[in-house]
Every structure is written in C-alpha cells, then in structure tokens.
1. Calculate for the chain the 222 nm mean residue ellipticity that helices alone would give, adding -39,500 (n - 2.57) per DSSP H run of length 4 or more and normalising by residue count, nearest 500 deg cm²/dmol.
2. Return one whole number: the accessible area per residue of the range 89-188 in Å², for a 1.4 Å probe.
3. Provide the packing ranking of 148-158, 45-55, i.e. peptides ordered by the mean count of other C-beta atoms within 10 Å per residue, highest first.
4. How big is the chain by Rg and Dmax over its Cα atoms, in Å?
5. Pull out a ≥ b ≥ c, the square roots of the eigenvalues of the alpha-carbon gyration tensor of the range 99-229, then state rounded if a/c is under 1.5, prolate if not and a/b is larger than b/c, and oblate in the remaining case.
6. With θ taken as phi - 60° and the coefficients 6.51, -1.76 and 1.60, list the Karplus ³J(HN,Hα) couplings across the range 111-121 in order, rounded to whole Hz; mark glycine and proline as x.
7. Enumerate the calculated ³J(HN,Hα) couplings along the range 151-164 in order (Karplus 6.51 cos²θ - 1.76 cosθ + 1.60, θ = phi - 60°), each rounded to whole Hz, writing x wherever the residue is Gly or Pro.
8. Averaged per residue, what accessible surface does the range 9-56 expose to a 1.4 Å probe, in Å²?
Amino acid sequence: MTLNSQHFQIFDLPATGEDILKSFDDLAFDQYIGNGNRWRRFSQYRLEHRDGAWDFERLPHRPYVTYSKFNPIAGGLRRHYQPIQIDLVEHIREACAQIPLPEDDVWQINVHQYRVIANKELQGVVVPEGVHQDGHEFVVISVYNRVGITGAELTLRGADDKEEPIFTATLPTGQAIAFDDRALWHYVTDIVPIEEEGHRDITVVSFSRWSERWYGEAFEEEAISEGRG
C-alpha cells in the first residue's frame, strides 16, 4: 500500500528535547502486563489533515482496551493508565510523513510511552505476547533511549509466513520504524543488562481509520465481549 516493498520504513526521529527524555523517568508502573518490569503512560488522538498539515485533537482520556485475539495476556480488559504529559506531535507528524499516512481520511491513534527495565531480579521481557500483530492499520515504534543494555532485536515477519523473518534489526536511540500492521507480524527480543540494571525507552503509535477507531464506550464493550467469547 505504502512504505517500502516489504511494508516498512526505518527513519530518524526529529530532534528530541530534554523534556521528552526526562519524562520517561516519570511513568507509572504497569500492573497489567509484563513481569513487573514495565512503566507506561497512554493517550489517544483524532487526526485530520487540514490546510496542508495534520491537525491533532487529544481525545478525552479513557482506559486502554484491546482484543484478546491480539493480546491473549491482557486483552479484553479496561487498563487504566495515566495520560502522556509531553508533546509528541512533531514526532508523530514525522511518522505520518514516513508512512505516508493517507490524507483523505480521518484517523484515530493510540500513543503508548514505555520504559522496560532489566536487572538481576527482573528479566527484560519487551513483548510478553510473543510474535503478534497489534490489530491496527499502521504501527510506529520509536526508540528514545537505550541505557546499559543489549538486546531488543526487532524482527518483522510476513502475514503469510510468520515463522520466517523478512527483516531483523536492533534500533538504536533516535531511530524509529513504521510498518503495515496488517501485512506484517512483529516481535522484539528481551533486553539484557550490561551490568546491574538497564532500560529501554520507547513510544508505540498505532493508527486506525476513524470509522474503525479503538476509542469510546461502544468499542470497549465490543472488545471486552469478544474476549468473553
């Protein structure tokens, strides 16, 4: 559809201010997923292309809900996270340009801000749900910091053969990847501390058309009821 012939694109993040980098120190513990090694904030937006640029409207804060078919660990639950406090609009604009996001539709995005740590007591699990799709149209993963770690190797796999990687890379600080979530499956290996403790700071932005939005009471009830089967 867009992106490169394999449905992904790697790109450099715009300049990142200290306010963004320091904000990862102030995330709240994620009690719902992971093995006690993850902190997170979460916000949602409506995007519409107007006068040559994407207009961002932050939506009233709601819990995060996903389908169990995409996340068997924490799908079908209302997960209550604190909202994101920093301005990531310019970074998301760059992601829109890299896809490039079709301008003839209105979009809804979920924005997750994460820190994953690893130490002698906590395994650095990055993706507890294993090889998966997120259930959106496009996904962008951006790496803001890697401190005292190795690992976090990303693999992309085709939807027709999710066992065989088509691309493998370890994204460094300041780099991001955009991909077609319907064409690809993805996975990231654990982080491993070099000494006592290390961490990896990222954001994940998931794009859905407004007509297929992951937002609101009706969507939440649908996702929860589907999980109940």
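The values are calculated or read from the model by the stated rules, or taken from the named source; none is laboratory data. The structure displayed is predicted, hence computed values, not measured ones. Quick reminder, even Gly has a Cβ in these numbers, built from the backbone with ideal geometry, and neighbours come from all protein chains shown. Surface areas here come from the heavy atoms of the whole protein model, side chains and all, with no ligands, DNA or RNA. Shrake-Rupley method; radii C 1.70, N 1.55, O 1.52, S 1.80 Å.
1. Numbers: 3 runs with 28 residues, N = 229.
Dividing the helical sum by the residues of the chain leaves -3500 deg cm²/dmol.
2. On the way: 3720 Å² over 100 residues.
Using a 1.4 Å probe on heavy atoms only, each residue of the range 89-188 averages 37 Å².
3. 148-158, 45-55
4. 16.8, 52
5. It comes out prolate by the Cα gyration axes.
6. Result, ordered by residue: 10, 10, 10, 10, 10, 10, 10, 9, 8, 5, 9 Hz.
7. x, 6, 7, 8, 10, 10, 9, x, 5, 7, 8, 6, 7, 10
8. Values: 2380 Å² over 48 residues.
Per-residue accessible area for the range 9-56 comes out at 50 Å².
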